[in-house]
Amino acid sequence: MTAHRFHSAATPVIEIVHLSKRYRDVPAVDDVTLHVRAGQIYALLGLNGAGKTTLIRLLLGMITPTAGTVRVLGADVSAGDRSAWANVGYLVEAAAAYPELTVRENLDVVRRLRRLPGTADDIIERLALTPYADRRARTLSLGNLQRLALAKALLHAPGLLILDEPVNGLDPAGVAEIRAVLADLARQHGTTVFLSSHLLAEVARLATRVGIMHDGRLIAEHDAGQLDRHRRRHLRLATRDDATARAVLRAHGYHPRPAVPAGLLLSDQRALARPEDVATVLVHGGVPPIDLHLQEEDLEAFFLRTVGPATPTALHTGTGAADA
Ligand code: ATP
């Protein structure tokens, strides 16, 4: 009997109830309750050490909880029930592949292990790996290795995908590609995605629901869009004459503030929505911008503002590379 027969559409795909995991006196995961519904892209957001990896390991049954329960697709993972596993794909360690095998051969190994019919061509194409299909894995860039790892997790077309920091270490182009793949999976194929990240900007763009973890606890949950309202964003601009630029912008109904050490900041919604209008106003006012860009608060700043100073360890190990 397969797991889906137990699992009705109304049941959450992931049900975590009062889940805790302690390591001696460290509560790595502390009384977390969360639900993920079918078709959601749920992102667990937190600084390094927040407990994201521990939570994902509990979810996958790789470690046993100190307290609480985890159900995945209706199966009780914490009780050792692995019946749902045929319908789950996951990626938890750094992308690993057989270095001397090609991309296609790596995927064929997984396909045979899982006794899947057909070929890996479809997944190779979907993850834009076609140009690299016959390249040995050891010659791939980090971004392409990560895509290969994702292809392996997706080969059996799972209904649920669980990913620990899937965009870690990727350049902005690689991040954008993975984001597109995940969004397509959720929208076109109805795949539920559960992922962890410390990149606020990425998560805000991708997730339909966000859980914020801090010191092992789930301190807030937001639906897509809500996070943007909580997060500070502004346009930063520089001109050759900030005083004139300020007067010009005010005359057009904007509310510029001086930036440190120079330049101006704009937080007006219409400025954020249409930066090109700001540029046009400045050009017509005789003070063309020499720089104009959107600045978004990163996770560290967001945490400092919303939950108070993070622990020193968390701040030191946070990469701060959130908003490229
Ligand atoms: P990162 O992004 O750095 O992996 P994280 O949010 O995934 O961070 P975890 O790796 O889950 O955080 O770690 C949460 C806390 O639990 C940390 O304080 C960590 O030191 C501790 N911890 C995790 N695994 C163990 C373990 N096997 N033994 C002891 N302590 C652990």
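The values are calculated or read from the model by the stated rules, or taken from the named source; none is laboratory data. Every value quoted in this text rests on a predicted model; they were computed, and no experiment measured them. Cβ sites come from the backbone with ideal geometry, for glycine too, and all protein chains shown count toward neighbours. For the accessible areas, the whole protein counts, side chains as well, though only heavy atoms, and no ligand, DNA or RNA atoms are used. Shrake-Rupley method; radii C 1.70, N 1.55, O 1.52, S 1.80 Å.
Quick look at the numbers
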{"read-out": "When residues of the stretch 18-41 are limited to those that are crowded, with 20+ Cβ neighbours inside 10 Å and within 17 Å of the chain's Cα centre (by Cα), the one farthest from the ligand (Cβ to nearest atom)", "value": "Q40"}
{"read-out": "Residue match in the stretch 156-176 (condition: in contact with a strand residue (DSSP E or B) (Cβ under 7 Å, 6 or more places away or on another chain), open to solvent by less than 10 Å² (accessible area, probe 1.4 Å), within 16 Å of the ligand (Cβ to nearest atom) and at pLDDT 90 or above)", "value": "yes"}
{"read-out": "Total residues in the stretch 42-76, condition open to solvent by less than 10 Å² (accessible area, probe 1.4 Å) and among the β-branched types (V, I, T)", "value": "3"}
{"read-out": "Counted residues, the stretch 42-66 - those being basic (K, R) and more than 9 Å from the ligand (Cβ to nearest atom)", "value": "0"}
